[in-house]
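The block underneath contains the structure these notes are about, expressed in structure tokens.
The values are calculated or read from the model by the stated rules, or taken from the named source; none is laboratory data. Being a predicted model, the structure only gives us computed values, none of them experimental. With ideal geometry, Cβ positions are generated from the backbone for all residues, glycine too; neighbour counts draw on all protein chains shown. The accessibility values were calculated without ligands, DNA or RNA, using every heavy atom of the protein model including side chains. Shrake-Rupley method; radii C 1.70, N 1.55, O 1.52, S 1.80 Å.
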Amino acid sequence: PQKTSFHRSQTLGYKNGFAFSRLPTVGIGGERLYVNQLSQAELDELSNKRPTLTYGQAKQAPPSAFIPAHVAFDKKILKFDAYFQEDVPLSAEEHYRIRQVGIYYYLEDDTMSVIEPVVQNSGLLQGKLVRRHRVPKNDRGDHYHWKDLNRGMNITMYGRTYRVVDCDPFTQVFLKSQGIELNPPEKMVFDPYTERRRMPVPKCITPSDFDRLKQFLIYDKQVLRFYAMWDDTDSIFGENRPYIIHYYLADDTVEVREVYEQNDGRDPFPILIKRQRLPKTFVDKKKTFPSCVLEISDQEVLEWYTAKDFAVGKPTTLLGRTFFIYDCDEFTRNFYRDKFGITDFQPVEIKKKPPEKVPQVIPPYNGFGLLEDSLQNCFSLLPKPPRKNVIKMLENDREVLRYQVALESPNPEDRKRRFILSYFLSNDTISIYEPPVRNSGIIGGKFLGKTRVTKPGSTAENAMYYEPSDLTIGSTIEVFGHRFVITDADEYVLNYMESNAESFPAATLQSLRDHFRSRQVVKDAA
């Protein structure tokens, strides 16, 4: 206890740039070593020894190299099997718990660690219980040494007592080589609660004489298929929905699958009732008992559904829902014919009510945007632009009919205003432009952009648009509440209508001819 120095002497060094090792002369704390030193008798013998002339100088064998402890005992570990007892105060099933651990002793630096093997679903924090370090032995500063460990003994670390029962073969060989007598091994103690849970739970039910294994081997992969219909028309938004009922002969289970039809507006959930045994008759129970949380077992059911409970043309109630079986497949017919002697499998014709055609009601036009564009919102959630007559657009590209129009207005200032009306033959649109007049007090420019103009009295269901045949000299057109009178036209209008006389009425063509004839007479007279 009075020792205060624990440093080691240096055994490695450099000389002329080369590393070399030397034997230590002192041990830990400066104590002198006598292991690697020569005795006085050996020194006297060496001093009195003379070389012989016959054999020459005798060659001494080099001393054995010194091996440090961290090299000699590298990766050499002593392993002991142990267990400790842990109290369980808050449990009615167990009062204590036995936990098995492994104690590891590292010879290279005299450190120890305690590790508990991880058990799945144990609910305990397992693994490394004591990290690797020099474990104190008592309050005087001593630490555990491998000489303190043996089989059949108790070892206390940090207030927890471990019972060492056995060790591995390497530990046995090492301890015996160091002259330690090992105690006889003991049996590992197991946790009684864990062993009790591993035992099968005794059942107080008399085993049935029915051989389910034989049924499985005979009817494996044999399934009865029934086509059924569920009538849900009594509820709101209800309908007749088709289903397929599967009866598995191997274990008497029933499965109900939905029939998914394209564009039926329902999510494709394939299974309505998963594969299970379905109860047919329940045991009489109290009405106050919450049956919704009852786990159905043989104690609550008097009779289960079997293959003889399904027949074509009869309704079947499964878990409160009534299904009408109207047909079955060929394997099901053969099974019932051979097993029960049933030969009547006439399928029942199921007539579906045709859906009522709901007339489409188009709301009135609100005046925003073009009529054709607004009408597309009534046909689809994602409206598409109306189709254009591409051939007409290509044939009449850059074909424009220009007219001079005057504005009808009660104001004398507006009566003198003149406009240029352009009719585009490619898409039947109209634009109106007012040429600027100096000192008129009115800013000229675009009066109306390119758009289709409806005639007075047209509706959203029967829209009528202005056509070139409606634009005659002296006629009045109404554009969004403004009335214009056609007073003049380009000569190109007359030439275009004469070249396409079959597409225009004779009254329109004649009004243009009379207008240009009178204007030519006035020009000639001048």
Query - Matching residues in the range 443-476 - criterion: being over 18 Å from N427 (Cβ atoms) and β-branched (V, I, T) - result: I443, T459, T472, I473, T476
Requested in this report: Mind listing just one residue for me: the one in the range 315-365 that is in contact with a strand residue (DSSP E or B) (Cβ under 6 Å, 6 or more places away or on another chain) and of a type in the set (A, V, I, L, M, F, W, C) and, of those, nearest to I273 (Cα to Cα)?
Outcome: F323
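Results for (1) assigned by the TED database to the domain that holds D309; (2) more than 43 Å from the chain's Cα centre (by Cα); (3) polar (S, T, N, Q), shown as yes or no for each residue.
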position: S177; (1), (2), (3): no, yes, yes
position: P184; (1), (2), (3): no, yes, no
position: K187; (1), (2), (3): no, yes, no
position: D191; (1), (2), (3): no, no, no
position: W230; (1), (2), (3): yes, no, no
position: Y243; (1), (2), (3): yes, no, no
Query raised in the report: What residue, of K388, K384, is modelled with pLDDT under 90 and closer than 17 Å to N427 by Cβ?
Result: K388
Report summary line: By residue number, the members of the range 142-184 that are open to solvent by less than 20 Å² (accessible area, probe 1.4 Å) and hydroxyl-bearing (S, T, Y) are Y162, T171
Query - Count of residues meeting criterion [surrounded by 10 or more Cβ atoms within 10 Å (Cβ to Cβ) and among the hydrophobic types (A, V, I, L, M, F, W, C)] in the range 208-223 - result: 4
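I'd like to verify a number: residues in the range 160-218 that are hydrophobic (A, V, I, L, M, F, W, C) and within 26 Å of S113 (Cβ to Cβ), how many? Reasoning before the result, please.
Residues of the range 160-218 hydrophobic (A, V, I, L, M, F, W, C): 164-165, 167, 170, 173-175, 180, 182, 188-190, 199, 201, 204-205, 210, 213, 216-218.
Cutting the leftovers down to within 26 Å of S113 (Cβ to Cβ) gives us 164-165, 167, 170, 173-175, 180, 182, 188-190.
Residues flagged as hydrophobic (A, V, I, L, M, F, W, C) and within 26 Å of S113 (Cβ to Cβ) within the range 160-218 amount to 12.
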Query raised in the report: Would you say V405 is among the hydrophobic types (A, V, I, L, M, F, W, C) and modelled with pLDDT under 90?
Result: no
**Report entry** I205 being loosely packed, with under 10 Cβ neighbours inside 10 Å and out of contact with any strand residue (DSSP E or B) (no Cβ under 7 Å at 6 or more places or on another chain)
**Finding:** yes
**Report entry** Every pair of residues 6+ apart whose Cβ atoms lie under 8 Å, when the first sits in the range 117-143 and is within 21 Å of Y105 (Cα to Cα) while the second is polar (S, T, N, Q) and in a loop (DSSP other than H, G, I, E, B)
**Finding:** P117/Q126; V118/Q126
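Looking at the range 505-521, which of the residues that are among the hydrophobic types (A, V, I, L, M, F, W, C) and either more than 20 Å from L425 (Cα to Cα) or open to solvent by less than 30 Å² (accessible area, probe 1.4 Å) (or both) is modelled with the lowest pLDDT? Explain how you work it out, then say what you get.
Narrowing the range 505-521 to residues among the hydrophobic types (A, V, I, L, M, F, W, C): 506-507, 509, 512, 516, 521.
Filter again for either more than 20 Å from L425 (Cα to Cα) or open to solvent by less than 30 Å² (accessible area, probe 1.4 Å) (or both), leaving 509, 512, 516, 521.
On the way: L509: 87, L512: 88, F516: 87, V521: 67.
Within the range 505-521, the match that is modelled with the lowest pLDDT is V521.
Against the definition (at pLDDT 90 or above, of a type in the set (K, R) and loosely packed, with under 10 Cβ neighbours inside 10 Å), how does K187 come out, yes or no?
Numbers: at pLDDT 90 or above: yes; of a type in the set (K, R): yes; loosely packed, with under 10 Cβ neighbours inside 10 Å: yes.
So K187 passes the test.
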Query raised in the report: Which residue pairs have Cβ atoms under 9 Å apart, sit 6 or more places apart or on different chains, and have a first residue in the range 352-374 that is under 17 Å from P386 (Cα atoms) and a second that is assigned to a helix (DSSP H, G or I)?
Result: I362/L375; I362/C378; Y365/L371; Y365/S374; Y365/L375; F368/S374
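Inside the range 305-325, can you point out the residues that are open to solvent by 50 Å² or more (accessible area, probe 1.4 Å) and assigned to a strand (DSSP E or B)?
Restricting attention to the range 305-325, the residues satisfying the condition of being open to solvent by 50 Å² or more (accessible area, probe 1.4 Å) are 308, 314-315, 317, 319-322, 324.
Correct list: P315, T317, R321, T322, F324.
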Query raised in the report: Quick check: is even one residue across the range 281-302 open to solvent by less than 40 Å² (accessible area, probe 1.4 Å), closer than 28 Å to Q346 by Cβ and either assigned to a loop (DSSP other than H, G, I, E, B) or not acidic (D, E) (or both)?
Result: no
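Mind checking whether some residue in the range 140-155 is within 26 Å of S91 (Cα to Cα) and under 57 Å from the mean Cα position of the chain (by Cα)?
no
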Report task. Return yes when V119 is open to solvent by less than 40 Å² (accessible area, probe 1.4 Å) and either in contact with a Ser or Thr (Cβ under 9 Å, 6 or more places away or on another chain) or closer than 12 Å to I103 by Cα (or both) and no when it is not. Result -> no
Report summary line: Of the conditions (1) assigned by the TED database to the domain that holds S469; (2) basic (K, R); (3) over 27 Å from L494 (Cβ atoms), the single one that K384 does not satisfy is (1)
